[in-house]
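The values are calculated or read from the model by the stated rules, or taken from the named source; none is laboratory data. Since we're looking at a predicted model, the values are computed, not measured. No Cβ is skipped: glycine too gets one built from the backbone with ideal geometry, and neighbour counts run over all protein chains shown. With ligands, DNA and RNA removed, areas are computed over all heavy atoms of the protein, side chains included. Shrake-Rupley method; radii C 1.70, N 1.55, O 1.52, S 1.80 Å.
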Amino acid sequence: MKFWFWFLWSINAFIAAVALYFFFSLAAGDRIRPFNILSWLMILAALAAVVGGSIWLRSIGRRTLAIALLLLLAIPGALFALFFLVLLLTHPNFH
């Protein structure tokens, strides 16, 4: 159970790091405007809630609930990565 928590947590941490990279790179290029800053802040808050909340749940002994929280983001992220891996390996022609 310990392995699965940290494995899923690392997937979620990677997803959060990618989101932070895009946020800061767009902010540096002055692409984040007042009309979309609220959307960005909600996305970053949700990612922080998943990553930080899972650590908190694990620290109070709710390991199963922590893993369930991590699965909410890890499953779509892993499927997205698998999709791109299939695209890279098969070289489909979309014409």
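What shape does the chain take by its C-alpha gyration tensor, where a ≥ b ≥ c are the square roots of the eigenvalues and a/c under 1.5 counts as rounded, a/b above b/c as prolate, and the rest as oblate? Judged from the Cα gyration tensor, the chain comes out oblate (a/c at least 1.5, b/c at or above a/b). Taking 66, 27, 48 as the candidate residues, the one with maximal mean-square fluctuation in a Gaussian network model of the chain, Cα springs under 10 Å, is 27.
Local charge for residue 5 was computed over the other residues whose Cβ lies under 14 Å away, with Lys and Arg +1 and Asp and Glu -1, and equals +4. Across the chain, the mean sequence separation of Cα contacts (distance under 8 Å, 6 or more residues apart), normalised by length, yields a relative contact order of 40 percent. If you plug the beta carbon distance of residue 45 and residue 1 into 1/(1 + (r/R0)^6) with R0 = 35 Å, you get a FRET efficiency near 0.80. Protein heavy-atom accessible surface, 1.4 Å probe, per residue over the chain: 75 Å². Calculated [222 nm] ellipticity per residue, helices only, for the chain: -29000 deg cm²/dmol; basis is -39500 (n - 2.57) per DSSP H run with n ≥ 4, divided by all residues, nearest 500.
Taking 20, 41, 69 in turn, the Gaussian network model of the chain (Cα-Cα springs below 10 Å) assigns the largest fluctuation to 41. Express the carbon and sulfur contribution to the solvent-accessible surface of the range 27-92 as a percent, rounded to the nearest whole number, probe 1.4 angstrom. Roughly 74 percent of what the probe reaches on the range 27-92 is carbon or sulfur.
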